[in-house]
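Asker: My structure is below; once you've seen it, I'll send some questions.
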Amino acid sequence: MQTRPKKPNREEFARRSLPRVGLLTFIGLATAVVLALNTSRVNPRADPPPVLLSVSIDARHPGLRVPRDFLGLSFEMSSLRQISRYGDRGNMVALLRSLGPGVLRFGGVSADTEVAWTDAATPLPRWSSKAVDAGEFRDLRKLAARSGWHVMLTIGLAHFEPRAAAREAAAAKGALGRWLVGVELGNEPDAYARHRLRSEPWTFARYNAQIGAYRRAIERAAPDLKIAGPDVSGSLIFESWGRDAALHDKPVLLTGHHYPLGCRTVPPPTISRLLSAPVRQAEAVSLRRYMTVSRRGAIRFRLDEANSVSCGGTPGISDRFASALWAIDYMAHAMLDGVAGINLQGNPAKCLGYTPLCASSPWRLDHGVMTPRPEWYALLMARALVGDRPVRTVVSPSKENIDILALVSREGKLHVLIVDDNPLGTKHVVVELHVGHRYQAATVRELMAPSPTARTDVRIGSQALESNGRSRIQQPHKARPDRSGAITLELKPASAMLVTSSRASRDA
């Protein structure tokens, strides 16, 4: 019978394990280990204390109500043929419905440089590589009607063709009917000279003379068609072009674009820059510029194209969870400033850049099977704020990279959005939300992912999004006010939280 070897005692183990180490050296090492263990017991390494923020709500003077169609998506005009077929295939209709009503905008640089209108009287010009015709507008109507989303179209201006533009506008109006909220004339026309689409000096006066010819032709072919604009590249140029457009053209809607980071900037774009306090401050200035012109002209303003990094986005930034944190915060600030809506730019065929939705294979693209990307979850969270009116928050002490914004619904529910853009490893934030005794238990949903660089596993609370845009119903986390009327919440770095508190029954 085989017997087990005798287990060595401590002295034998030391002799076998350390044959070349002298006794004094071994004793010294052992003593050092013991001292280290004793030191760790006496002075344990504690986590840094959390940051404590006190938040009070002043709901006495609510702002403008967030429009029902605030949320939107923007696509290149070159994607219209593909997307227009999704009215009766794939999951696009279900995904759009999951956000409530919204606006689909088709524009981008391809509206000026690639796509041209064609019909029996309008042959396809040599400069274009793609055509749009009345059949695609009829298909697009099906998508709009089944999803409940309206449509905004960009008619190219770079190649000056007023008659073709008028026929395109008339066909769009006839096919889309009430689902067409307006057309724009040119994409970022202020930048035409920069892109060699016009000669210098390219001024608003020259632009205005050309769209005047377009407007007259469109009015004859499609009377009362609504025209939006000037669809500029940024808020700085909007101070002049937007002001002059409001004065001379009186569009039904003022429009412009926003990208916080440029694809060719030095230093190059990074996640830390996208979520930094300087970017947030610059965005606040940009929104003020847009809305100052809008209020003075008494014309609503819509950010009809916006996203994280220009030129289609930057892989590793625009397709990661960081873009969702940026998007929910930026959309909420746009709501507070009175913006009429925002369209997040995307490309259904490109999952690596910025896009709320995309197809992960050619087969899925052809069949309209879209995959929600990180920014889609920001849109889902923002949906809860549509129809609300913003109210003032007082945060003490103020803290960089932590945003706390509040809105009140028609039913009197209080929505508080808390966004922590700090990187993982920084201190957690504990928020004392002073709601008083008018509000009862609150539900809490977190927008989170393993890290800001995560491409997948993005969630709102414990909800997992299904392919049809619906969420598997999970019980949300609940929090109750204490005796002083304060709700205490802990927020992790690189996450967002939406707190919804209903009025107490005696105030309902």
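The values are calculated or read from the model by the stated rules, or taken from the named source; none is laboratory data. No experiment lies behind these values; they were computed from the predicted model shown. We place every Cβ from the backbone using ideal geometry, glycine too, and count neighbours over all the protein chains shown.
Asker: Give me the pairs: first residue in the stretch 371-384 and under 20 Å from ILE271 (Cβ atoms), second residue crowded, with 24+ Cβ neighbours inside 10 Å and small (Gly, Ala, Ser), beta-carbon distance under 6 Å, and six or more apart or on different chains, which are they?
Answerer: PRO374/SER323; PRO374/ALA324; GLU375/SER323; GLU375/ALA324; GLU375/ALA327; TYR377/ALA324; ALA378/ALA324; ALA378/ALA327
Asker: So, one more: Any residue in the stretch 209-230 that is under 19 Å from ASP304 (Cα atoms) sitting within a Cβ distance under 8 Å of a residue that is polar (S, T, N, Q)? List the pairs, counting only those 6 or more apart or interchain.
Answerer: ALA228/THR255; GLY229/THR255; PRO230/THR255
Asker: Assuming VAL429 fulfils every condition listed in (1) closer than 14 Å to ALA496 by Cα; (2) modelled with pLDDT of 95 or more; (3) crowded, with 17+ Cβ neighbours inside 10 Å apart from one, which condition is it?
Answerer: So VAL429 meets the others, but not (2).
Asker: Still on this structure, I have one more. Taking interchain pairs and intrachain pairs at least six residues apart, which have beta carbon atoms under 9 angstrom, with the first residue in the stretch 99-128 and farther than 23 Å from SER233 by Cα and the second crowded, with 17+ Cβ neighbours inside 10 Å and basic (Lys, Arg)?
Answerer: TRP117/ARG167; ASP119/ARG167; ALA121/ARG167; THR122/ARG167
Asker: Sort out which residues of the stretch 437-457 are under 30 Å from GLY412 (Cβ atoms) and surrounded by 15 or more Cβ atoms within 10 Å (Cβ to Cβ), and write them in order of number.
Answerer: Of everything in the stretch 437-457, those that are under 30 Å from GLY412 (Cβ atoms) and surrounded by 15 or more Cβ atoms within 10 Å (Cβ to Cβ) turn out to be ARG438, TYR439, GLN440, ALA442, THR443, VAL444, ARG445, GLU446, LEU447, MET448.
Asker: Next question. Looking at ARG146, ARG178, ARG194, ARG198, which one is part of a helix (DSSP H, G or I), farther than 15 Å from ASP224 by Cα and either at pLDDT 95 or above or not hydroxyl-bearing (Ser, Thr, Tyr) (or both)?
Answerer: Exactly one residue qualifies, and that residue is ARG146.
Asker: Which residue out of VAL309, VAL293 is within 29 Å of GLY156 (Cα to Cα), touching a helix residue (DSSP H, G or I) at 6+ places or on another chain (Cβ under 6 Å) and among the β-branched types (Val, Ile, Thr)?
Answerer: Result of the check over VAL309, VAL293: VAL293.
Asker: In the stretch 247-261, is there at least one residue being exposed (fewer than 14 other Cβ atoms within 10 Å of the Cβ) and over 16 Å from SER294 (Cα atoms)?
Answerer: no
Asker: Just to be sure I understand, how many residues within the stretch 299-333 are in contact (Cβ under 8 Å) with a residue 60 or more places away in the chain, among the small types (Gly, Ala, Ser) and over 12 Å from GLU375 (Cβ atoms)?
Answerer: The number of residues fulfilling the criteria is 2.
Asker: If only one of ARG455, ARG410 is among the basic types (Lys, Arg) and either farther than 21 Å from SER272 by Cα or at pLDDT below 90 (or both), which one is it?
Answerer: ARG410
Asker: If you don't mind, there's one more thing I want to ask. Would you mind finding the one in ALA169, ALA158, ALA131 that is assigned by TED's automatic domain parsing to the domain that holds CYS311, part of a helix (DSSP H, G or I) and among the small types (Gly, Ala, Ser)?
Answerer: ALA169
Asker: Tally time: how many residues in the stretch 327-355 are more than 20 Å from ARG289 (Cα to Cα) and either touching a Pro at 6+ places or on another chain (Cβ under 7 Å) or β-branched (Val, Ile, Thr) (or both)?
Answerer: So the answer is 5.
Asker: Still on this structure, please answer the following. Test each condition in (1) surrounded by fewer than 23 Cβ atoms within 10 Å (Cβ to Cβ); (2) assigned by TED's automatic domain parsing to the domain that holds SER79 for MET370 and report the one that comes out false.
Answerer: Exception for MET370: condition (1).
Asker: Something else now. Limited to the stretch 35-62, what total is found for residues that are part of a loop (DSSP other than H, G, I, E, B), among the basic types (Lys, Arg) and at pLDDT below 60?
Answerer: 1
Asker: Here is a further query. Tell me the helices (runs of 4 or more DSSP H) entirely within the stretch 288-401 that contain at least 2 residues that are within 22 Å of GLY229 (Cα to Cα).
Answerer: Counting at least 2 such residues, we get 321-337.
Asker: Mind counting the residues in the stretch 90-127 that are more than 14 Å from PHE160 (Cα to Cα), buried (at least 19 other Cβ atoms within 10 Å of the Cβ) and not hydrophobic (A, V, I, L, M, F, W, C)?
Answerer: 9
Asker: Moving on to the next point. Just give me the residues in the stretch 87-104 being β-branched (Val, Ile, Thr) and under 11 Å from GLY368 (Cβ atoms), in sequence order.
Answerer: Within the stretch 87-104, VAL93 is the sole residue that qualifies.
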